[in-house]
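Worksheet for the structure shown next.
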Amino acid sequence: MGHPQSLPLPATAGIERDRTVKVAFLTKLFGENKALDGVGFEAGRGELVVLLGRSGSGKSTLLRHLNGLEVPTSGQVQVLGEDLSSLTGSSLRRLRSRVGFIFQQFELVPSLTVLENVLTGSLAVVRGPRLGLFGYGKARRLTALEHLETVGLLQLAYQRADTLSGGQQQRVAIARALMQEPEILLADEPVASLDPESSDQVMNLIRDIARSKGLTVVCSLHQVDLALSWADRIVGLRHGKVVLNTLTENMTREEAMGIYGQVEVATITSEFQAIAEELDTPGHRERIARDLATAAATTRAGRKAP
Ligand SMILES: Nc1ncnc2c1ncn2[C@@H]1O[C@H](COP(=O)(O)OP(=O)(O)OP(=O)(O)O)[C@@H](O)[C@H]1O
Ligand SMILES: [Mg+2]
């Protein structure tokens with residue numbers, strides 16, 4: 001028995017509870033492999049939801065369903081009031097233009113300036129060939145500079161992207177995503193290749209942007225402590241299933257563990273513990289190290305290319 005639609009949702013620390021992402025009974029099969037198994041969660045404007053889980057738990061697959069890059073085997077995905085399964089062609093492209101995406105490896109063009117990289121975020125709306133900075137028009141260049149100011153990198157606008165630190169590059173990628181004026185920001189392990197200090201800066205920035213611009217952010221992470229520090233809500237995934245869905249407001253790790261034990265799902269403390277332990281396994285670290293080495297090699301190869 002559900003509540004009537006008209007019932008107000010509980011207010012939480014000024015966060016507007018306008019559901020922009022609704023996922024229900026989402027199952028995704030890749031052949032025999034069930035990557036997502038009956039997943040359900042919701043996210044609202046201004047809210048930062050962290051998908052937390054070990055490698056292979058389904059975080060990226062879930063994110064890719066939120067902008068229609070994957071099609072569900074069964075279940076519903078509703079984004080900004082639209083049922084994704086009903087969208088095709090231009091209507092899907094229109095919806096995607098309202099959803100920004102940032103990645104672990106930033107994916108900047110190394111040889112372009114910071115400002116040019118940010119401007120590429122408006123490619124969805126700019127048509128035809130663009131001849132350097134001036135191909136974008138003055139208004140867009142000013143908007144790009146404003147976004148660089150938001151992420152604290154205005155002074156680096158004319159520097160080549162590959163001269164920036166990892167944390168700075170991720171902030172450029174965030175500014176680039178803002179060029180779309182997205183209503184939803186999806187972030188797939190945005191700090192996995194950053195040191196702890198840069199990770200905190202980037203997560204802080206993402207949360208500030210979510211709140212000040214009223215964006216819904218859905219962000220995958222594998223670090224329990226970062227999730228507890230920055231998420232408004234944690235959705236824990238194991239083997240494609242949601243095993244945790246809880247607000248994190250003002251909680252320390254210890255408090256969080258205690259509270260998880262009191263909620264109605266009796267297994268939640270052990271599930272949280274299991275996620276934390278799985279994330280600490282050497283295999284996971286090695287995999288991340290391998291991914292980083294591959295990415296670094298790809299970037300080096302890219303730089304050598306003519
Ligand atoms: N395109 C695909 N084809 C086949 N299997 C896939 C595909 N994409 C994902 N999978 C499988 O789905 C499962 C979930 O993968 P996913 O990439 O979503 O995990 P993840 O939580 O993002 O992991 P990681 O932390 O390593 O990024 C894995 O078993 C993966 O092998
Ligand atoms: Mg992933």
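Laboratory data are not the source of any read-out in this text; all were calculated from the coordinates shown. In this text, all values refer to a predicted model and were calculated from it rather than measured experimentally. Note that each Cβ is placed from the backbone with ideal geometry, even for glycine, and that neighbours are counted across all protein chains shown.
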Exercise. Where in region 94-110 does the amide nitrogen come within less than 16 Å of the point 7 Å from the Cα of THR163, taken along Cα to Cβ?
Worked result: 109-110
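First select every other residue whose beta carbon is under 14 angstrom from the beta carbon of LEU69; then total the charges, Lys and Arg +1, Asp and Glu -1.
Values: positive: LYS28, LYS59, ARG64, ARG93, ARG96; negative: GLU70, ASP188.
Summing Lys and Arg as +1 and Asp and Glu as -1 gives +3.
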Exercise. In bins 5 Å wide, starting from 0, what share of all Cα pairs of region 204-244 does each bin hold, as a percent?
Worked result: 5, 21, 29, 22, 13, 8, 2
Exercise. When a footprinting reagent is the concern and you count Cβ atoms within 10 Å, what order do HIS222, HIS239 take, fewest first?
Worked result: HIS239, HIS222
Seminar exercise, completed: Final fewest-first order of GLU47, GLU181, GLU32 on the 10 Å Cβ neighbour count is GLU32, GLU181, GLU47
For this session: Using a Förster distance of 51 angstrom, determine the FRET efficiency expected from the C-beta separation of GLU197 and SER90, and round it to 0.05.
Result: 0.75
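I'd like the per residue volume of the convex hull spanned by the Cα atoms of region 46-125, given in cubic angstrom.
Values: hull volume 11.5 nm³, N = 80.
Cα convex hull per residue, to the nearest whole number: 144 Å³.
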